[in-house]
1. When the helices in the chain are scored as -39500 (n - 2.57) per DSSP H run of 4 or longer and the sum is shared across all residues, what 222 nm value do you end up with, to the nearest 500 deg cm²/dmol?
2. For a quick check: sort Thr76, Thr133 by the number of other beta carbons within 10 angstrom, fewest at the front.
3. Just to confirm my numbers, what's the Cα centroid distance between the range 106-178 and the range 1-67 in Å?
4. I'd like to compare 136-144, 91-99: which one has the highest average count of other Cβ atoms within 10 Å, and what's the full order after that?
5. Two decimals, Cα atoms only, Kirkwood Rh: what is Rg/Rh over the range 2-55?
6. Only Lys, Arg, Asp and Glu count, each charged at its Cβ (+1, +1, -1, -1), so figure out the dipole size of the chain about its Cα centre, rounded to 20 debye.
7. Can you work out the Karplus-derived ³J(HN,Hα) for every residue in the range 173-185? Use 6.51 cos²θ - 1.76 cosθ + 1.60 with θ = phi - 60°, whole Hz, and x for glycine or proline.
8. Once you place label points 7 Å from the Cα toward the Cβ at Lys186 and Asp47, how far apart are they in nm?
Amino acid sequence: MERLQKFMARSGVASRRGSEELIAQGKVRVNGKPVTLPGLKIDPLKDRVEVDGRSLRKPEKKVYILLFKPVGYVSTVSDPQGRRKVIDLLSGIKQRVYPVGRLDYDSEGLLLLTNDGELTYALTHPRYEIPKTYQAMVQGVPGKDKLDELAKGVVLQDGATAPAKVRLLKNKGDSALLEITIHEGKNRQVRRMCEHIGHPVLSLRRVSIGPLKIGDLQRGRFRHLTTREVKILMKAAKIS
């Protein structure tokens, strides 16, 4: 048995909270009878659930994939410019999965792909504050004042950034490797933050999302998350 709103979320109708709102609005029927209170337990194999008159199919198996995205791939399932897509790297995956957030064309590193809409929402919405850590090779060597400025937050064209964790990993002549952890998802945020302090990014790699780390995964390769990793990720996203 499973709660109705959880079944709806797993079916891709909406998030669990959104499903509860649909139920409250009287848009959901179970076995032909309207349901207006969340919490009803159903048997997904036997009960027929309809939303706005459309029957929900049994949710397909949830898939969670960790990919080391290379530079030169777009983090979308289609591209009008005909560029290479991260989906092209997923050989043997039968389910239709979607990238969780994006890494821009010129960046590389950890990218999560899944067909779990509820988890995707939680990992990408700023209010859940899921940390994402990047290693940025920047031009020049920022001083402590510049690193502090990044950490406190800078004002970009689309608003101020939230406080970040920033540290200098190493100097490499006329460049430096920074580790930057943020929990927002502004477009090209890390690149724009570094540009703002006068140290543009030369290369950028995402090394972790929440508890997930890229580890020793090779560039262009992918693997399925373990059951333990999925549980830890769900806990970080506050999904029960």
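1. Numbers: 6 runs with 51 residues, N = 240.
Helix contribution divided over all residues of the chain: -6000 deg cm²/dmol.
2. Details: Thr76 14, Thr133 20.
With the fewest neighbours first, Thr76, Thr133 line up as Thr76, Thr133.
3. So the separation of the two Cα centres works out to 36 Å.
4. Values: 136-144: 17.0, 91-99: 13.0.
Going from most to least packed, we get 136-144, 91-99.
5. Numbers: Rg = 9.4 Å, Rh = 10.6 Å.
Rg divided by Rh gives 0.89.
6. Working: 46 positive and 26 negative charges, 167 e Å.
That gives the chain a dipole magnitude of about 800 debye.
7. x, 9, 9, 8, 9, 10, 10, 10, 10, 10, 10, 9, x
8. 4.5 nm
Since every read-out is calculated from the coordinates, none of them should be taken as a lab result. Since we're looking at a predicted model, the values are computed, not measured. A quick note on method: Cβ atoms are made from the backbone with ideal geometry, for glycine too, and the neighbour counts reach across all protein chains shown.
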